1. Taking the condition assigned to a loop (DSSP other than H, G, I, E, B) and either within 14 Å of the ligand (Cβ to nearest atom) or without any contact (Cβ under 8 Å) to a residue 40 or more places away in the chain (or both), does Ala137 pass?
2. If you take the residues of segment 77-94 that are closer than 21 Å to Met300 by Cα and among the hydroxyl-bearing types (Ser, Thr, Tyr), which of them is nearest to the ligand (Cβ to nearest atom)?
3. Could you list all residues from segment 77-89 that are crowded, with 21+ Cβ neighbours inside 10 Å and touching a helix residue (DSSP H, G or I) at 6+ places or on another chain (Cβ under 7 Å)?
4. Would you mind telling me which numbered condition in (1) in contact (Cβ under 8 Å) with a residue 60 or more places away in the chain; (2) charged (D, E, K, R); (3) within 20 Å of Pro3 (Cα to Cα) Arg44 fails?
5. For residues in segment 263-277 being within 13 Å of the ligand (Cβ to nearest atom) and of a type in the set (D, E, K, R), which is farthest from the chain's Cα centre (by Cα)?
6. Six or more apart or on different chains, Cβ atoms under 9 Å: show the pairs whose first residue is in segment 90-104 and on the phi > 0 side of the Ramachandran plot and surrounded by fewer than 21 Cβ atoms within 10 Å (Cβ to Cβ) and whose second is assigned to a loop (DSSP other than H, G, I, E, B) and at pLDDT 95 or above.
7. Of the residues that sit in segment 36-53 and are more than 16 Å from the ligand (Cβ to nearest atom) and touching a Lys or Arg at 6+ places or on another chain (Cβ under 7 Å), which one is nearest to Pro287 (Cα to Cα)?
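The values are calculated or read from the model by the stated rules, or taken from the named source; none is laboratory data. Because the structure is predicted, anything quoted here is derived from the model rather than measured. Cβ sites come from the backbone with ideal geometry, for glycine too, and all protein chains shown count toward neighbours.
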Amino acid sequence: MKPKVFITRNIPENGIKLLREHFEVEVWEGEHEIPRELFLEKARDADALVTMVSERVDKEVFENAPRLRIVANYAVGYDNIDIGEATKRGIYVTNTPDVLTNATADFAWTLLLATARRLVEADNFVRSGEWKRRGVAWHPLMFLGYDVYGKTIGIVGFGRIGQAIARRAKGFGMRILYNSRTRKPEVEKELGAEFRPLEELLRESDFVVLAVPLTKETYHMINEERLRLMKPTAILVNIARGKVVDTEALVKALKEGWIAGAGLDVFEEEPYYHEELFKLKNVVLAPHIGSATHGAREGMAELVARNLIAFKNGEVPPTLVNR
Ligand code: DGY
């Protein structure tokens, strides 16, 4: 009899197809997140789970799932999973690094450029007919934004994604600063990146890009005190996790001009609505789509499947988190 895997969302077919060769596969086909009660019920007789960042996988889930041996998270981040509890119970947890690095780094740059050059505001201006109504074809002071080429970028979190963002910054002739738990001498050499304590990085950067995982240490790491260190012309980009930034402090910073703008792909709760923040013109917003390309999402589906198949064959899953 094939072991059972329950997948909490419809992932690309390539992964499901691979899994079907080795597992009995059940997929939650709903557009919305699976209701918690139903998730607990489905976990009860599953040997393996494929979960999304939107599912809380905690003690309650593990207590409910006597057969569960492995959770393959369809994401590189795994702050939605209680790793300590899983490890205590001998349950493997895997994630999906590498396959989404370039897509996510590209998106950090999409937000950076769109915010610096006021693309969304400009798009609305054209689309709404306001341009035509005003009747001004071209004006030297229309929609002035911030220069990017040759400026200083500060990357907070210098793992795979942070480094990929830095590689792109080289093409923009930028000075690259980074902050991370450990120094990366090789990358410093390769990219000419300079390590800075967080406070210094915030003071010196024209663009601050957050690429850290969410942990106890990074929760509200960007708070009022730190936002006040940034330049009034600086732009903050968050492609990490919403809870890395104290949103109320950010709203204050944007309204009172302590910083110039923000590009946000992630929010403290998701889905999110924040009337005050969403009214501001100097923010560009996206609904957590950093890795949303066909290639990345298919790569993630394949990696999830490869992890589960390796586990079933008695091998160490290639991207095991809790070794
Ligand atoms: C991740 O991989 O952690 C993203 O946030 C979801 O794709």
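1. yes
2. Among those that are closer than 21 Å to Met300 by Cα and among the hydroxyl-bearing types (Ser, Thr, Tyr), it is Tyr78.
3. If the condition is that a residue be crowded, with 21+ Cβ neighbours inside 10 Å and touching a helix residue (DSSP H, G or I) at 6+ places or on another chain (Cβ under 7 Å), then Ala86 is the only one that fits.
4. For Arg44, the failing item is (1).
5. Filtering segment 263-277 for residues that are within 13 Å of the ligand (Cβ to nearest atom) and of a type in the set (D, E, K, R), the one farthest from the chain's Cα centre (by Cα) comes out as Glu270.
6. Gly90/Arg69; Asp98/Val76; Asp98/Thr319
7. Ala48
One line per residue, one yes/no per condition, for (1) more than 12 Å from the ligand (Cβ to nearest atom); (2) in the same structural domain as Tyr92 (by TED's automatic domain parsing):
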residue: Trp258; (1), (2): yes, no
residue: Gly261; (1), (2): yes, no
residue: Lys279; (1), (2): yes, no
residue: Ala301; (1), (2): no, yes
residue: Thr319; (1), (2): no, no
